[in-house]
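Shown next, in structure tokens, is the structure this report addresses.
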Amino acid sequence: MIKLIEKIEGEAKLNFNFKDAKIDFVDIEFMSTRNIENILKGKSAFDALVINPRVCGICGHAHLIATVQALENCYDNLELSNKAKIIRELTLNFELIQNHFKWYYLTMLPLFGQKQQVLKATYPSQLMGKAIALFGGQYPHTSYAIVGGVVCEITEMDIIKLQHYIAQTIKFVEDNLVKIDSENFLTCKDADTLLDYEGDLPDILRQIKKEKLLKYGKSYDRFISFGENSYFKKGKSLQTKVSHNISIEHVKESEIPSSFAKNVSFKDKYYEVGPLARAMVNKTPLIADAHKKYGDSIFSRILARVCEISQLLEHSKKLIKDLDLSEPSYIEPSLDISQLSASGYSAVEAARGTLIHKVEIEDGMIKNYEIITPTQWNLSGGTKDKQGVSQKAMIGLSDIKTAELVFKSFDVCSVCTTH
Amino acid sequence: MKNKMRVLWLSAIACNGNTHSFLNYPFLEQFLDDFEFIYHPVIDSHYTLEDIVSKEIPCDILLIEGAISKEFQRADVSVVDIIEKYSKIVQKIVTVGTCATFGGIFRESGYSETSGLHFDQDKPSERFHDLLDKTISVSGCPVHPEVLVNTLYAIKKSAALKLDNFLRPKEFYAYTIHNGCTRNEYFEYKVDNHQFGELEGCMFYDHGCQAPFTHGSCNKILWNEVNSKTRAGLSCMGCTEPTFPKQNLFSTKKNMAIPENLPVGVGKRVYLTLAGISKAFKIDRLEKKLFDD
């Protein structure tokens, strides 16, 4: 049976095969592509900073940061101030947070039979948009991160405004999502104690438990995360065994005949990316506990994503304290891009997981550009013998409604996938 | 129940940037009280996309996001067919963003005959000629949420909107992005030593800023209610115009050291003469740091 899954920043077609009234195999098809990689070819390298945020309206900032880092990777000895690094990390954090709110209130709640809460999605997202705009001028679609730093200079007054946006967002979390002090939420090590709290998150977690959905959504229990910064670590986690020694060389993209989305594997195996993967690699106690009790199920996946909101808000507060305003925002590269022929790559953690950009430049012009998006990792459509992460997570379910919930628990981004 | 205006938000070849820009509108509660989406890419609606393409759902305004090509389908139906069906029953059509208006970035995405609804860049396109009277364009990549929402309210009120040659409401597009930029003085007095990462300086001379010849209200109606790209120190990329995206966006194209594109309506000879005179001001305040020790 074919079902069109809508409102995932586009659509995907899921073809469900049933055997003995249980899902036996799901074919995932994305129906279009926008050929961004081709659009980039032959353009001046810096223009990628303007074009690439337009890969995606909801996580375009991650594409900007991935682009600037891939371009900077083409240089030898490029200088970057700590201030610029922190500012970039902050704005990327804000975009992740914005995504998580939208996913929870717009996508997840309706799947649990609740009314979509548009204003609860947009109120904190707008605050995070303001926080990005403070540095980048606007959100979505700024190109404020350029090779050598960021275009903006910031003042103490900007920092004060920024702290207000963050404080107001934390207050929203404490008044709505999980009605406890954020610091207590972040130090909580027992996933079951969350079930005793009030708030939109505990409500859903209780519902998962009550409706016996705790075992749903399990896949390979294999996680990977390549984007490193002051908060996220690079590494993979096989069940709970974490190793940090992984190389992007082993990431492979391959075409599939049935869909416009390409498969992505690491050493020939499919891995889950996203907040749950990041928390497993980072060994976040609360998520590790949920995983110990409920595995890589929708419970752990939902909790990890929502929990990341509070983690990143708190971490952003710390990052602001590390900002030294006397440092330069931008250091002009000593080599003009038109004299550069090189290749570079980057990996950043976008809301939905690892985003990889690879670029080849010849005399400052783009010769080749490759983008691997998080949704490609999670939704790689394998064959029956070698299923993708989300495909495997839907096997054995008896109805399409639950399968849709499992599928959307990966926070699918169709536009990114069809870049 | 209140009589809400019914709106169909149709995405063609798009990044959903306008969808998410719209979600930044500060008074969404009010908006959703006055308008109902029969379909929207992320907001729940009474109908599914499959309903929209297979039936004819009553609708008052058709919003189109993204570049348009006959080849591009939604729910297995060509977006051109969907547009043709709904354009007949709606009062107004709004092309939301630069792709839907002029083709934009995704004009180059490789689908046959991809363009905006009425324009292929700045060339009028014949395809939907009979819909010209119904259409309003709100260009921008993305469109500013207030520009979109207040245009919809103007439609609701049946207010007479004056439109420019590209069907854009003059109320928003008669201005240039340059109007209201906090860096204006560096432009006026020709202080041309801008470096990225500073509060001072104007990006027009070297860094490709298109604000003086790009139409829009970015520095009049601020983004996210707090800032604009040029205020932050990023060049205006000309994203509301049919030419978006031009090439070499971070550097100013010059002929004999004179910027090739001058402010709207300004002749080269006059510009040269006055620029020379303006430079003579040598205003100390603008030559040094804004927050001087």
Name the residues in the stretch A:68-84 that are more than 13 Å from every other protein chain (Cβ to nearest Cβ) and among the charged types (D, E, K, R), would you? A:Glu72, A:Asp76
Failed criterion for A:Asp296 (all others in (1) part of a loop (DSSP other than H, G, I, E, B); (2) farther than 26 Å from A:Gln207 by Cα hold): (2)
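Which of the residues that make up the stretch A:16-34 are within 14 Å of another protein chain (Cβ to nearest Cβ) and either touching a strand residue (DSSP E or B) at 6+ places or on another chain (Cβ under 8 Å) or at pLDDT 95 or above (or both)? Walk me through how you get there before you give the answer.
Taking the stretch A:16-34 as the starting set, the residues that turn out to be within 14 Å of another protein chain (Cβ to nearest Cβ) are A:29-34.
If the condition is that a residue be within 14 Å of another protein chain (Cβ to nearest Cβ) and either touching a strand residue (DSSP E or B) at 6+ places or on another chain (Cβ under 8 Å) or at pLDDT 95 or above (or both), then A:Glu29, A:Phe30, A:Met31, A:Ser32, A:Arg34 are the ones that fit.
For the stretch B:1-17, give me the residue count where each residue is more than 7 Å from chain A (Cβ to nearest Cβ) and under 22 Å from the mean Cα position of the chain (by Cα). Reasoning before the result, please.
Residues of the stretch B:1-17 more than 7 Å from chain A (Cβ to nearest Cβ): B:1-12, B:14.
Filter again for under 22 Å from the mean Cα position of the chain (by Cα), leaving B:7-12, B:14.
Going through the stretch B:1-17 one residue at a time, the tally reaches 7.
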What are the residue pairs meeting all of these: first residue in the stretch A:9-22, first residue under 16 Å from B:Thr48 (Cβ atoms), second residue of a type in the set (A, V, I, L, M) and exposed (fewer than 14 other Cβ atoms within 10 Å of the Cβ), Cβ atoms under 8 Å, and 6 or more apart or on different chains? A:Lys13/A:Ile2; A:Leu14/A:Ile2
Sole exception among (1) modelled with pLDDT of 95 or more; (2) under 25 Å from A:Ser44 (Cβ atoms); (3) not charged (D, E, K, R) for B:Ala257, by number: (1)
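Give me the helices (runs of 4 or more DSSP H) completely within the stretch B:124-207, filtered to those with at least 2 residues that are more than 13 Å from the chain's Cα centre (by Cα), ordered by residue number.
Values: elements: B:145-156, B:170-173, B:184-188.
Because the criterion is at least 2 residues that are more than 13 Å from the chain's Cα centre (by Cα), the helices (runs of 4 or more DSSP H) in the stretch B:124-207 that meet it are B:145-156, B:184-188.
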Can you find, within the stretch B:136-180, the residue that is nearest to the other protein chains (Cβ to nearest Cβ) among those that are surrounded by 20 or more Cβ atoms within 10 Å (Cβ to Cβ) and hydroxyl-bearing (Ser, Thr, Tyr)? B:Ser139
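May I ask you to list the residues in the stretch A:131-151 that are assigned to a loop (DSSP other than H, G, I, E, B), touching a strand residue (DSSP E or B) at 6+ places or on another chain (Cβ under 9 Å) and at the interface with chain B (Cβ under 7 Å from one of its Cβ atoms)?
Within the stretch A:131-151, the subset assigned to a loop (DSSP other than H, G, I, E, B) is A:137-144, A:147-148, A:151.
From what is left, the residues that are touching a strand residue (DSSP E or B) at 6+ places or on another chain (Cβ under 9 Å) are A:137-139, A:142, A:144, A:148, A:151.
Answer for the stretch A:131-151, where residues must be assigned to a loop (DSSP other than H, G, I, E, B), touching a strand residue (DSSP E or B) at 6+ places or on another chain (Cβ under 9 Å) and at the interface with chain B (Cβ under 7 Å from one of its Cβ atoms): A:Gly137, A:Gln138, A:Tyr139, A:Thr142, A:Tyr144, A:Val151.
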What residue, of A:Ala351, A:Ala347, is out of contact with any Cys (no Cβ under 9 Å at 6 or more places or on another chain), buried (at least 17 other Cβ atoms within 10 Å of the Cβ) and in contact (Cβ under 8 Å) with a residue 12 or more places away in the chain? A:Ala347
Would it be correct to say that B:Glu71 is farther than 30 Å from A:Tyr104 by Cβ and in contact with a strand residue (DSSP E or B) (Cβ under 9 Å, 6 or more places away or on another chain)? yes
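So, in the stretch B:84-105, how many residues would count as being crowded, with 24+ Cβ neighbours inside 10 Å, of a type in the set (A, V, I, L, M, F, W, C) and part of a helix (DSSP H, G or I)?
Just the residues of the stretch B:84-105 that are crowded, with 24+ Cβ neighbours inside 10 Å, to begin with: B:93-105.
From the residues that got through so far, the ones that are of a type in the set (A, V, I, L, M, F, W, C) too are B:93-94, B:96, B:99-100, B:102, B:105.
Checking the rest, the ones that are also part of a helix (DSSP H, G or I) come to B:99-100, B:102, B:105.
Of the residues in that region, 4 qualify.
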Please count how many residues of the stretch A:390-402 are buried (at least 24 other Cβ atoms within 10 Å of the Cβ) and either in contact with a strand residue (DSSP E or B) (Cβ under 6 Å, 6 or more places away or on another chain) or closer than 24 Å to B:His20 by Cα (or both). 2
In the stretch B:13-57, how many residues are touching an Asp or Glu at 6+ places or on another chain (Cβ under 7 Å) and more than 23 Å from A:Met128 (Cβ to Cβ)? 3
Which of the residues belonging to the stretch A:153-189 are more than 14 Å from chain B (Cβ to nearest Cβ), part of a loop (DSSP other than H, G, I, E, B), in contact (Cβ under 8 Å) with a residue 24 or more places away in the chain and surrounded by 13 or more Cβ atoms within 10 Å (Cβ to Cβ)? A:Val178, A:Cys188
Quick one: which of A:Leu195, A:Leu213 is part of a helix (DSSP H, G or I), of a type in the set (A, V, I, L, M), under 30 Å from A:Lys22 (Cβ atoms) and away from every other protein chain (no Cβ under 14 Å)? A:Leu195
Of residues in the stretch A:100-126 being in contact with a Ser or Thr (Cβ under 8 Å, 6 or more places away or on another chain) and more than 9 Å from chain B (Cβ to nearest Cβ), the one farthest from B:Ser45 (Cα to Cα): A:Pro124
Which residue pairs have Cβ atoms closer than 8 Å, lie 6 or more positions apart in sequence or on different chains, and pair a first residue in the stretch A:41-58 that is more than 7 Å from every other protein chain (Cβ to nearest Cβ) with a second residue that is of a type in the set (Phe, Trp, Tyr) and surrounded by 24 or more Cβ atoms within 10 Å (Cβ to Cβ)? A:Leu49/B:Phe250
Sole miss for A:Ile65 among (1) within 13 Å of another protein chain (Cβ to nearest Cβ); (2) touching a residue at least 40 places away in the same chain (Cβ under 8 Å); (3) assigned to a helix (DSSP H, G or I); (4) surrounded by 24 or more Cβ atoms within 10 Å (Cβ to Cβ) is condition (1)
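So which of A:Asp336, A:Asp289, A:Asp322 ends up being surrounded by fewer than 24 Cβ atoms within 10 Å (Cβ to Cβ) and within 14 Å of another protein chain (Cβ to nearest Cβ)?
On the way: A:Asp289 fails: within 14 Å of another protein chain (Cβ to nearest Cβ); A:Asp322 fails: within 14 Å of another protein chain (Cβ to nearest Cβ).
Every option except A:Asp336 fails the conditions.
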Residue among A:Gly42, A:Gly10 that is part of a loop (DSSP other than H, G, I, E, B) and surrounded by fewer than 19 Cβ atoms within 10 Å (Cβ to Cβ): A:Gly42
Filter the stretch B:41-63 for residues that are among the hydrophobic types (A, V, I, L, M, F, W, C), under 24 Å from B:Phe128 (Cα atoms) and part of a loop (DSSP other than H, G, I, E, B); the one that is farthest from the other protein chains (Cβ to nearest Cβ) is B:Cys59
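Being away from chain A (no Cβ under 12 Å) and buried (at least 20 other Cβ atoms within 10 Å of the Cβ): is that true of B:Phe213 here? Don't jump to the end; show me each part of the working.
On the way: away from chain A (no Cβ under 12 Å): yes; buried (at least 20 other Cβ atoms within 10 Å of the Cβ): yes.
Judged against the criteria, B:Phe213 is a match.
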Given the structure, is A:Phe46 hydrophobic (A, V, I, L, M, F, W, C), modelled with pLDDT of 95 or more and closer than 24 Å to B:Thr48 by Cβ? no
Lone qualifier among B:Glu71, B:Glu36 - being more than 26 Å from A:His141 (Cβ to Cβ) and more than 8 Å from chain A (Cβ to nearest Cβ): B:Glu36
Can you find even one residue in the stretch B:9-23 that is surrounded by fewer than 22 Cβ atoms within 10 Å (Cβ to Cβ) and assigned to a loop (DSSP other than H, G, I, E, B)? no
Looking only at the stretch B:236-259, decide whether some residue is assigned to a loop (DSSP other than H, G, I, E, B), facing chain A (nearest Cβ under 9 Å) and of a type in the set (Asp, Glu). no
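The values are calculated or read from the model by the stated rules, or taken from the named source; none is laboratory data. Note that the coordinates shown come from a computational prediction; the quantities given were computed from them, not determined experimentally. Glycine also receives a Cβ, built like all others from the backbone with ideal geometry; neighbour counts cover every protein chain displayed.
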